[in-house]
Amino acid sequence: MIDYFKRALAADGILTLTIDQPDAQANVMDRHFIDGLEHHVNAALADDAVKGVLLTSAKSSFVAGADLKTLEASLAEPKDAATLYAECRPFSALLRRIETGGKPFACALNGAALGGGFEIALACHYRCAADVRSLRVGLPEVGVGLLPGAGGTQRLLRMLGVARALPLLLQGSQLKAQAALEMGLVDAVVPAEDLLETARAWLLGSPDPTKAWDRKGFRVPGGQSPLEPAIAQLFLGSNAATGAGTLYNLPAPQAILSCLYEGMQLPMDKALDIECKYFVKLNLDPVAGNMIRTLFINKGKADRLMHRPQGVERRVHRKVGVLGAGLMGAGLALVAAEAGVDVVLIDRDQAAADKGKDYARSRLARDVEKGRSTQEKMDATLARIVSATDYALLDGASLVVEAVFEDRAVKAEVFARAEAALAPGAVLASNTSALPITGLASTLARKDAFIGLHFFSPVERMPLVEVIRGDDTSDEALAHALDFVAQLGKTPVLVNDSPGFFTSRFIGAFINEGVAMVAEGVAPALIEQAARLVGYPVGPLAISDEVGLDLAYKGALQRARDGGPGYKPGASVPVISELVVRHGRHGRKNGQGFYDYDAAGKRLWPGLADIWPRAENQPSLEEVKARMLYAQLVDAARCMADGVLLDAADGDVGACLGVGFPAYLGGPFAAMDTLGMPRLIERSEQLARDVSAERYALPELVYQMARSGQSFYGKRALTPPARRKGEAR
Ligand code: NAI
């Protein structure tokens, strides 16, 4: 056994167990960790010389949570319920032994304790937290489709009562030290240097190592039984709200509710057993596996820059340029300045450039107002942004991102001016949402320094950046662009060049299908509701209005010009053209799109039925749902087959973080694996017969995978047929 625990028994009988995983930045809960904890807890309980136990960590965080490698291995080799239960239950029982072993345990939280780490802390009899900014406690398991399975639901319930425990568990809230103190989840918050002494002092005060719920007559705060009217109301309301919020696509919130409902009626040990069974049930559901893989494992790999070419020295960007101070440019300038980077924000005239800086000012002022920042910090961030029209100010910038109008001529003009001002070695990037990068580079002298950095709106909130490698983009430019994304704290996915790259084209497949159904006479409300029920945050007609029907129309004209003689417009194009050209409906911006907008809100425009009369036989809800979902699955499979994507992980992370693909499905590739290739083929072929042979034609790659029993992930994972740099498409 590799021992992660350093043991120090003082003369006063206080045993300090310091968790210090060798050769690691943080302590993670792998087999060695769990075996070590069990060994030391059992030894401490059996040793008469030990009067109390102090648990702490030698790292900057307490325990970082589950071990990624273990998680990934268990995804590749799913286990059955009995095996999972046999593996999980003993850990919960071990924490219960800490609680009931008869000796006081104190936990000194020097940094973040989330998930399993916080469950260990909750089992202790006393928790003190260091007053440090990075400290967070909480049980975020719901975010990856799970629940805390080692007592978290039952201890929170018994400490806080249903009304206060439920929101924390259902939202997976992470609390700072002071908030945790106010909630009663930690007993003290002290300066970091006093942490250990505070915990020791508590242990030396002869505390009673019995939890409230192990004493006779204990009542759960706020109500003991779901039959009490106030508690019954709470469960009724929460059940309905959870159903409405998740549309029953996510099993974890429902299971958390059940854990509390059932657990509060049982003694602790029985309740812990129930919790473990729900935990196992969620583990067996593909939702948890897919969410863990995409939102935790693959996102983690992307954040660690898995595609960064080796051998290129890391670049810390200290000064960058942003061309175009509109919606995207202003957001970009703000996030770069907040990351400590100096920004030159350029627009056509000084007023437009200043307007971009004003955007940053108003956002920062709001943070100060809400107490999330200080005036001093705001001033320092704003001082980093210089709004200007003079390209000479770009001198010394290591990277420039262009965010001017989506127009090749305008972009070519600003590229030329930026290139003239930049030193060799600087990266020139475009934030275009769809124009192929290789073509945009054609007017440049240094095509190898050019790359796509596709940010999403609003830049301050959206975590994803789609990095597009052009045919000529060098390893250096790619590495340094990825360094910039990491500096901003965003998650990069890498794709090869192609019209619409991955994300724009992928969301386009969804919108195209939704809009096409309007022309077929499918009730618009059915389309919008079906999308919401699949789990898309917004329906395809509402998104079209938000983006702007006029912009979609212009984009279609551009694609027609680019596409050459073989180009066929998407099925949505005639609908959009009709609305824009004949009816002047441009979307939300002019209050008229698929919806009418006024002060009271928005309603689907009744005139749609006059242009496209309602079909007598409406398709079933399931069919409408399947049409939108499968349109995207087929498109994602094509992106893989065509080498637009290098890795299924990029597609899944990009889809969930960038363009609202339902996270519970884990992305299109995880969803296809869950369906299995044979079912994917069967359903797509059915849709090809019923609706459109072209839109639902799966690439040969999927048929090959079905024949050879391959999947996108796991033991029989496909090796992506990704294009090499410069290879013909
Ligand atoms: P916008 O219209 O809000 O801003 C464009 C800015 O560029 C304006 O301030 C304009 O004055 C400036 N500009 C135009 N010509 C210029 C020139 N010759 N020199 C300097 N500045 C010039 O547009 P938005 O939405 O910020 O989009 C910018 C780019 O980002 C486009 O390529 C767009 O496709 C892309 N994009 C937009 C997203 C969105 O949600 N709006 C999302 C992702 C990418």
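Values for this structure:
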| quantity | calculated |
| --- | --- |
| Some residue of segment 280-295 being farther than 30 Å from THR100 by Cα, open to solvent by less than 70 Å² (accessible area, probe 1.4 Å), away from the ligand (no atom under 16 Å from the Cβ) and of a type in the set (Asp, Glu) | yes |
| Those residues of segment 370-399 which are touching a residue at least 24 places away in the same chain (Cβ under 8 Å), away from the ligand (no atom under 12 Å from the Cβ) and either of a type outside the set (Gly, Ala, Ser) or assigned to a loop (DSSP other than H, G, I, E, B) (or both), in sequence order | THR381, LEU382, ARG384, ILE385, VAL386, LEU393, LEU394, ASP395, GLY396, ALA397, SER398, LEU399 |
| Checklist (1) open to solvent by 40 Å² or more (accessible area, probe 1.4 Å); (2) closer than 24 Å to ALA697 by Cα; (3) part of a helix (DSSP H, G or I) applied to GLY566, failing item | (3) |
| Hey, ILE527 more than 16 Å from VAL691 (Cα to Cα) and of a type in the set (A, V, I, L, M) or not | no |
| Any hit, segment 503-524, residues being touching a strand residue (DSSP E or B) at 6+ places or on another chain (Cβ under 8 Å) and hydrophobic (A, V, I, L, M, F, W, C) | no |
| Check on LYS69, assigned by TED's automatic domain parsing to the domain that holds GLY205, touching a residue at least 60 places away in the same chain (Cβ under 8 Å) and open to solvent by 20 Å² or more (accessible area, probe 1.4 Å) | no |
| Qualifying positions in segment 89-118 - outside any loop (DSSP other than H, G, I, E, B), of a type outside the set (D, E, K, R) and either open to solvent by 30 Å² or more (accessible area, probe 1.4 Å) or out of contact with any helix residue (DSSP H, G or I) (no Cβ under 9 Å at 6 or more places or on another chain) (or both) | PRO90, ALA93, THR100, LEU114, GLY117 |
| Matching residues, segment 53-82, being over 29 Å from ARG133 (Cα atoms) and not acidic (Asp, Glu) | THR70, ALA73, SER74, LEU75, ALA76, PRO78, LYS79, ALA81, ALA82 |
| Residue list for segment 151-197, filter: open to solvent by less than 30 Å² (accessible area, probe 1.4 Å), β-branched (Val, Ile, Thr) and not in a loop (DSSP other than H, G, I, E, B) | THR153, VAL162, VAL190 |
| Filtered residue count, segment 671-701, keeping only those that are assigned to a helix (DSSP H, G or I), surrounded by fewer than 20 Cβ atoms within 10 Å (Cβ to Cβ) and hydroxyl-bearing (Ser, Thr, Tyr) | 1 |
| Residues that are open to solvent by 30 Å² or more (accessible area, probe 1.4 Å) and either more than 22 Å from ARG200 (Cα to Cα) or assigned to a loop (DSSP other than H, G, I, E, B) (or both), drawn from segment 1-23 | MET1, ILE2, ASP3, ALA10, ALA11, ASP12, ASP20, PRO22, ASP23 |
| Within segment 445-483, considering residues that are within 16 Å of the ligand (Cβ to nearest atom) and over 18 Å from PHE501 (Cβ atoms), the one surrounded by the fewest Cβ atoms within 10 Å (Cβ to Cβ) | ARG461 |
| Residue count for segment 650-670, restricted to those that are open to solvent by 20 Å² or more (accessible area, probe 1.4 Å) and either in contact with a Cys (Cβ under 7 Å, 6 or more places away or on another chain) or of a type in the set (S, T, N, Q) (or both) | 1 |
| Exclusive hit being modelled with pLDDT of 95 or more and under 30 Å from LEU95 (Cα atoms), set PHE296, PHE279 | PHE279 |
| Any chance GLY607 is closer than 23 Å to TYR703 by Cβ and open to solvent by less than 20 Å² (accessible area, probe 1.4 Å) | no |
| Considering residues of segment 128-148 that are open to solvent by less than 10 Å² (accessible area, probe 1.4 Å) and on the phi < 0 side of the Ramachandran plot only, the residue farthest from the chain's Cα centre (by Cα) | CYS128 |
| Positions within segment 410-444 being within 9 Å of the ligand (Cβ to nearest atom) and under 29 Å from GLY563 (Cβ atoms), in sequence order | VAL410, LYS411, GLU413, VAL414, SER430, ASN431, THR432, SER433, ALA434, LEU435 |
| Any hit, segment 335-348, residues being over 26 Å from the mean Cα position of the chain (by Cα), within 11 Å of the ligand (Cβ to nearest atom) and either assigned by TED's automatic domain parsing to the domain that holds LEU557 or of a type outside the set (D, E, K, R) (or both) | yes |
| Any hit, segment 554-563, residues being surrounded by fewer than 20 Cβ atoms within 10 Å (Cβ to Cβ), assigned by TED's automatic domain parsing to the domain that holds ILE507 and in a loop (DSSP other than H, G, I, E, B) | no |
| Residue match in segment 424-437 (condition: part of a helix (DSSP H, G or I) and farther than 30 Å from LYS299 by Cα) | no |
| Boolean, THR83 is within 24 Å of the chain's Cα centre (by Cα), free of Cβ contacts under 8 Å to residues at least 60 places away in the same chain and open to solvent by 50 Å² or more (accessible area, probe 1.4 Å) | no |
| Which listed residue is at pLDDT 95 or above and among the hydroxyl-bearing types (Ser, Thr, Tyr), from SER433, SER398 | SER398 |
| Residue pairs meeting the criteria (Cβ under 7 Å; at least 6 apart or on separate chains; first assigned by TED's automatic domain parsing to the domain that holds LEU440 and open to solvent by 60 Å² or more (accessible area, probe 1.4 Å), in segment 400-418; second within 8 Å of the ligand (Cβ to nearest atom) and not in a helix (DSSP H, G or I)) | GLU406/THR432; GLU406/SER433; GLU406/LEU435; ARG408/LEU435 |
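The values are calculated or read from the model by the stated rules, or taken from the named source; none is laboratory data. Quick caveat, the model's predicted, so the values are computed rather than measured. Ideal geometry is used to build each Cβ from the backbone, glycine not excepted, and the neighbour counts take in all protein chains shown. Please note that ligands, DNA and RNA were not included when accessible areas were found on the heavy atoms of the full protein model with its side chains. Shrake-Rupley method; radii C 1.70, N 1.55, O 1.52, S 1.80 Å.
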